[in-house]
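See below for the structure under consideration.
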Amino acid sequence: MKTETPQAIQLQDYRPVPYIIESVELDISLEPEETLVRSRPSIRPNPLSDENNAPLILDGESISLQRVAINGVVLPGSQFSATDHNLIIPAVPQQPFSLEI
């Protein structure tokens, strides 16, 4: 849970995000000891963004990744990084793609 007060973003500081998530499919398995979630967002580059080839950064907390795949191809650990708060994929297709987490 975040406890910091969010910083205000002024309209003149706004920049369009580099990627648009068009839809998300979720499979959720609730077990007494753990919850397994498979997320499959459909993502495309945002034509309004001036950030070409930007990394894809997704927020999340207390997540244990089992698999990351783009267009059905599993990414080795060297092609993404996970922190306590983010999943970062430095190189993603510059056309519509599906991600599986």
Review point. Looking at Tyr19, Pro93, Ser62, which one has the Cα that reaches farthest to the positive end of the dipole of the chain (charges on Cβ: Lys, Arg +1; Asp, Glu -1)?
Key: Pro93
Check your understanding: Charges only on Cβ, +1 for Lys and Arg, -1 for Asp and Glu: so what's the dipole of the range 1-53 about the Cα centre, in debye to the nearest 20?
Key -> 220 debye
Exercise for review: Mind checking which of Gly77, Thr35, Asn46 is farthest towards the positive end of the chain's charge dipole, using Cβ charges of +1 (Lys, Arg) and -1 (Asp, Glu) about the Cα centre?
Suggested key: Asn46
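Rounding to the nearest 20 debye, state how big the charge dipole of the range 39-101 is about its Cα centre with +1 on each Lys and Arg Cβ and -1 on each Asp and Glu Cβ.
Working: 3 positive and 6 negative charges, 60 e Å.
Computed charge dipole of the range 39-101: roughly 280 debye.
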Check your understanding: Starting at 0 and stepping by 10 Å, how many percent of the alpha carbon pairs of the range 59-101 end up in each bin?
Key -> 26, 60, 14
**Study point:** Label point distance in nm, Glu61-Gln12, each placed 7 Å from Cα along Cα→Cβ
**Key:** 3.3 nm
Revision key, fill the gap. Of every hundred units of 1.4 Å-probe accessible area on the chain, the number belonging to carbon and sulfur atoms, as a percent, is 52 percent
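The values are calculated or read from the model by the stated rules, or taken from the named source; none is laboratory data. Since the structure is predicted, the reported quantities are computational estimates derived from the model, not experimental observations. Here Cβ is always computed from backbone atoms with ideal geometry, including for glycine, and neighbour counts include all displayed protein chains. Calculation scope for accessible area: heavy atoms of the full protein, side chains included, ligands and nucleic acids excluded. Shrake-Rupley method; radii C 1.70, N 1.55, O 1.52, S 1.80 Å.
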